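Scroll down for the structure; my scribbles are underneath it.
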Amino acid sequence: MQLLGKLFQPPLAISRHFSLILALSAFWQCSLSAEILTLPHVLSLLETHNPSLANAQARQESAQAAWVTSRAYPNPELEIGGGSSTGIGPGSLNGPNEQAYISQPLDLPFVREARRKVAEAGITSADEASRHVWLTVRSQTRMAFYEILRRQAELQISRDNEQLLTQIRDKIKLKVEVGEAPRYEQVKSEAEALNALKLRESAETRVEDAKSALRMMFGPALPHQYEAAGDLPAPPASLPSLDNLREEVLDKQPILQQFRAEIQKAQAKVTFEQHLRYPQPTLKAGVQQDPGLKQWQINIIVPLPLWNQRQGPIGEAAAELKQAEALARQQEFQVIRELENAYNRYLIAHRQVETFKAGLLKEAETVLKVAEAAYRLGERSIIDYLDAQRTYRTVRNDYINARFDRQIALIDLERLRATDLEELPL
């Protein structure tokens, strides 16, 4: 009778059911108001809303403008003057005088060609930099989206765990009240339920942080409230060998192409500065009219490189060339290091996923069921059952993390191999 009295308390039962209905209703309203986003939808926003891509595009436009500048001819100069003439001596004439001259700096062909090569190398560098930024931003977007999926999966496990431990706590509390279980089991179940609540709240915070990280890449283009929907793509059947990947990356990676273009730009700049040592002549023609006299003149102005033979600018350009070559070698080392790291991370995570799928997940679930049955039959304590449940939750989380770690490593490999360049918007 005591047990029945505990089970049937109408006001408390109604209150609990009413609270549950309110919580479900609030969650349902939140789900209805939140927009569902998929990875293809998010990636389609990159071109128009990502600041990094806008910056790269501005750099390309600047390089194109520099090329237009390199092809421009120097502007002529017009000189106009006048005054009065006062004769000195017998027969001299008095009156106004006027003069007009036009000067045109001559653009030497080999100087013009060197300047054009500098600008063209700058365009190549900007284009490759834009491709690199596009690959990087696309990879970061995919990682951020998959991070949301990871945190949502962890949140679901935390919710399931909280629900289960809450049920266990309520059952043990009832058993303790009717004298069928010792007091310490209630204390243990209360502690586990509180810990489950803390884990669920932490998981919710991590979900919001992951959403905020993705929203930061797009600004107002993403809604404040949204839900990420999707799943991880299937991994490739096999990967090329590490040696083949090195060759592929060294040949295709845009960041390496950018630094090589910077070397070409520095080489062209050295040639340009060397050509500037030759005097750049200026053609000057005009007319001068004095009282009783009108003169037509054509002059050539040639600067004499006596004191300044451009040793400084040539030396600076040569030093920039050495710096560009050193940076290119350093970047190659860095890219290869990233490739090896991503390749090893992928292999480790892939082996972990296969281990979980081969039986570790099933074994943890079986151990949990056995522990639950043994606890119901009184053969195991509540501590054994909770330990088995905690182990099962840990194994599930580790499996999720291994899958996502493998996907992140694969995204890094695809970025380094530049496999997404065919999707680059023109």
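Values quoted throughout were computed directly from the atomic coordinates according to the rules given, and no laboratory measurement underlies them. Worth saying up front: this structure is predicted, and the values here are computed from it rather than measured. In this analysis, Cβ positions are derived from the backbone assuming ideal geometry, glycine residues included, and neighbour counts consider all displayed protein chains.
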Query raised in the report: Can you work out the FRET efficiency for the pair residue 318 and residue 84, with r the C-beta to C-beta distance and R0 = 60 Å, to the nearest 0.05?
Result: 0.65
Query - Spatial separation of Cα centroids for the range 167-192 and the range 130-152, in angstrom - result: 46
Query raised in the report: What length, rounded to one decimal in nm, is gained on full extension from residue 204 through to residue 295, with 0.36 nm per residue of separation minus their alpha-carbon distance?
Result: 23.7 nm
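How big is the C-alpha Rg of the range 174-247 next to the rule-of-thumb value 2.2 N^0.38 Å, as a ratio?
Numbers: Rg = 23.6 Å, N = 74, 2.2 N^0.38 = 11.3 Å.
It is 2.09.
Regarding the range 248-352, what whole-number volume in Å³ per residue does the convex hull of its Cα atoms give?
Per-residue hull volume (Cα only) is 133 Å³.
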Report summary line: Comparing 401, 244, 50 in a Gaussian network model of the chain (Cα, 10 Å), the one with the largest mean-square fluctuation is 244
Query raised in the report: Any idea what angle helix 109-177 forms with the longest principal axis of the chain, computed on alpha-carbon atoms, 0 to 90 degrees, nearest 10?
Result: 10
Requested in this report: With a point put 7 Å past each Cα toward its Cβ, work out how far residue 250 is from residue 159 in nm, to one decimal.
Outcome: 5.1
Query raised in the report: Going toward the positive end of the dipole of the chain, with +1 on Lys and Arg Cβ and -1 on Asp and Glu Cβ, which of 276, 144, 75 do you reach last?
Result: 144
Query raised in the report: Given 60, 355, 230, which one lies farthest toward the positive end of the charge dipole of the chain, if we put +1 on the Cβ of every Lys and Arg and -1 on the Cβ of every Asp and Glu?
Result: 355
Query raised in the report: Along the range 355-360, what does the Karplus equation 6.51 cos²θ - 1.76 cosθ + 1.60 (θ = phi - 60°) give for ³J(HN,Hα), rounded to whole Hz, x for Gly and Pro?
Result: 5, 4, 5, 6, x, 5
Query raised in the report: With the radius of gyration and the Kirkwood radius both derived from the Cα set of the range 92-188, what is their ratio Rg to Rh?
Result: 1.82
Query raised in the report: Which value in nm describes the separation of the simple spin-label points at residue 102 and residue 170, placed 7 Å from the Cα toward the beta carbon?
Result: 9.7
Requested in this report: With r as the distance between the Cβ atoms of residue 311 and residue 285 and R0 = 41 Å, compute the FRET efficiency 1/(1 + (r/R0)^6) and round to 0.05.
Outcome: 0.75
Report summary line: In units of 2.2 N^0.38 Å, the Cα radius of gyration of the range 367-425 is 2.03
Requested in this report: Would you calculate, for the chain, the mean residue ellipticity at 222 nm contributed by helices, counting each DSSP H stretch of 4 or more residues as -39,500 (n - 2.57) and dividing by all residues, to the nearest 500?
Outcome: -24500 deg cm²/dmol
Query raised in the report: Rounded to the nearest 0.05, what FRET efficiency is calculated for residue 180 and residue 394 with R0 set to 35 Å and r the Cβ-Cβ distance?
Result: 0.70
Report summary line: Within the chain, excluding any GluC sites (Glu not before Pro) found in a DSSP loop (not H, G, I, E or B) and having at most 14 other Cβ atoms within 10 Å, the longest uninterrupted segment runs 181-378
Query - Candidates 74, 90, 51, ranked by Gaussian network fluctuation over the chain, Cα under 10 Å, top entry - result: 90
**Report entry** Restricting the range 223-291 to chymotrypsin sites (Phe, Trp or Tyr not before Pro) in coil, as DSSP defines it, with at most 12 other Cβ within 10 Å
**Finding:** none
Requested in this report: Would you mind checking the range 206-229 for residues with the amide N under 13 Å from a putative spin-label position 7 Å along Cα→C-beta of residue 45?
Outcome: 211-229
Query raised in the report: Direction-averaged shadow area of the convex hull around the Cα atoms of the chain, nm²?
Result: 36.6
